[in-house]
Amino acid sequence: MKKLIYILLAVALFSQSACKKQLDALPKNAEVEGNAIVDEPSANVALNGVYYCFANANNISTNWNNNKIMGSLFAGYIGSGNGATDDESDIFGNTVYGTEWGRYYTLINAANGVNQDVQTLADNKFADGRKTQILAEARFLRAFGHFKLLSYFGQWFDVTSPYGIIIETQFNTLTNINQPRNTVKDCYTSILNDLDYAIANAASTSSNVYVNKWTAMALKMRVLLSRAQGDDLTQAITLANTIISGSPYTLEPNEKDIFYTKGLASNEVILGVQPQANQDLYYSNSSEDFIGASAFYEAKPALYTLLQNDPRASWVIGAADSTNVGSYYFIKYIQPAKISTQLSEVAYAFRLSEVYLMLAEATVRSGGDLNAAKTTLKTVMSKAGVTDFTAVNAAATANDVAIQIYYEYARNFVGEDGIEWMALLRLPLATVEQLRPTITSNVQYILPIPHAEFISNPNIGPQNPGYSK
């Protein structure tokens, strides 16, 4: 008897002809209970429900704004337009990010439902290879959720630490929902196992709103750079070279075009989040957080300074906010006119520029050729129209080059998916303290686990060091 899954699914059933290797859009409808996975069409619909969770979507809109804002806010480049908050100074004791904790476990549980039910079906229920592709995509999405949680709520920087997150590999039931947190080592092992499966079994090509093997390789690079044990950095270099030489993706000749003209049509975008139809007309869409609604986010002085003499300043930093001295409108998405469009509603999970920067970073951290790392870095910078490489050329030590790479992470990926925050924290603590003086301890690298989790799950174990339950 087939298990029933309780995840976000599309109401409309796909016909055999519509059930292609890749689905065409996010589900357009809300939660539906009791949809059994019995064959390839229903499995595709259920998988689409997992992507619905990944996009943090409802009937009307997707919402990746916490992805866009959290890391940039913690790194000091974006802040509230309504007055500074504690988390802008990396003070997290009174900060509540329970929505992110719950959001990613919802994604993980949805992926587990698909993974469990599809595994029980006979191979002849699927076209050649599709069963393993569905499992690969589900396992990638589970790995994405677990790695996000580990990066924000677990001591990812210490592989010997007991303070990981709860790894969930089974669909939640009343008997298995309250689990203790895993060690950091076990978290990395589980995440990498999922990604290795996805690399081996996901499709080689897909629409860039769906996962393929290249997406899995890019996420594995992020994970390896965070763990940085044994030959992790060498593996990351190999993955980068494989993606750059073998994938269908290419660097966008003009970085600005990704955000102002092409969006998901850019060949640089490995994985993006497609907005719902007419999302730009919704009164509370993603763009509103940068336009100046009741709660909105702006570019802070650190970003203004970082982009001085950089061509990106003209299309990332907008006019000064006269009501918030020292802040500027953040126009990377909304453009100077500050009008929501479908293009301004697109979010970007993985771009090829990050692969290049991770290659440069891994080269430096592994003791590799600094000049090769500089060349890779300058390749990325040139796509933004940068022609003055004085600072990069002058970087003489590994630490100097690493700092220049970090600056480009920040310039290139501010307001996307917390990429610059994690790049900062992967530097030595002394360098982190130099670049971000509000950080004085690695306690501030992560958030406290939400209080509600300790109430609902008595088995979870202790709170993160430095924080109270």
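Data overview
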| read-out | value |
| --- | --- |
| Gyration tensor (alpha-carbon) shape descriptor, segment 327-469, a/c threshold 1.5 | oblate |
| 1.4 Å probe accessible area per residue over segment 74-177, in Å² | 36 Å² |
| Solvent exposure, largest accessible area first (probe 1.4 Å, DNA, RNA and ligands not counted), of Leu359, Leu429 | Leu429, Leu359 |
| Calculated FRET efficiency for the pair Thr431/Lys185, C-beta based, R₀ 25 Å, to 0.05 | 0.50 |
| Folded to 0 to 90 degrees: helix 370-382 orientation relative to the chain principal axis, Cα | 80 degrees |
| Largest-first principal axis extents, alpha carbons of segment 283-342, Å | 35, 24, 14 |
| Relative contact order [Cα under 8 Å, 6+ residues apart], segment 359-469, whole percent | 16 percent |
| Accessible surface, segment 321-385, averaged per residue in Å² (probe 1.4 Å) | 34 Å² |
| Degrees between helix 40-54 axis and first principal axis of the chain (Cα, 0 to 90, nearest 10) | 30 degrees |
| Candidate aspartates and glutamates for bridging to Lys374, where Cα separation is under 15 Å - those fewer than 8 sequence places away on the same chain excluded | Glu354, Glu361, Asp388, Asp400, Glu408 |
| By average C-beta atoms within 10 angstrom, highest first, the peptides 453-461, 344-352 | 344-352, 453-461 |
| Degrees separating the helix 65-75 axis from the principal Cα axis of the chain, which is the longest one | 40 degrees |
| Prolate/oblate/rounded call for segment 70-219, Cα gyration tensor, a/c under 1.5 rounded | prolate |
| Entries of Lys338/Lys378; Lys148/Lys220; Lys148/Lys469; Lys68/Lys148; Lys68/Lys185 with Cα pairs more than 23 Å apart | Lys338/Lys378; Lys68/Lys185 |
| Aspartates and glutamates whose Cα lies under 19 Å from that of Lys131, excluding same-chain neighbours fewer than 8 positions away | Asp24, Asp39, Glu40, Asp117, Asp123, Asp194, Asp196 |
| Cα gyration tensor shape for the chain, rounded if a/c is under 1.5, else prolate or oblate | rounded |
| Charge dipole magnitude, Cβ of K and R +1, D and E -1 - the chain, Cα centre, debye nearest 20 | 580 debye |
| Cα-centred dipole magnitude for segment 338-382, charges only on beta-carbon of K, R (+1) and D, E (-1), debye, nearest 20 | 120 debye |
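The values are calculated or read from the model by the stated rules, or taken from the named source; none is laboratory data. Keep in mind that this is a model prediction, so the values were computed, not measured. Positions of Cβ are backbone-derived with ideal geometry, glycine not excepted, and every protein chain shown enters the neighbour counts. When the accessible area is computed, the model is the full protein with side chains, heavy atoms only, and any ligands, DNA or RNA have been set aside. Shrake-Rupley method; radii C 1.70, N 1.55, O 1.52, S 1.80 Å.
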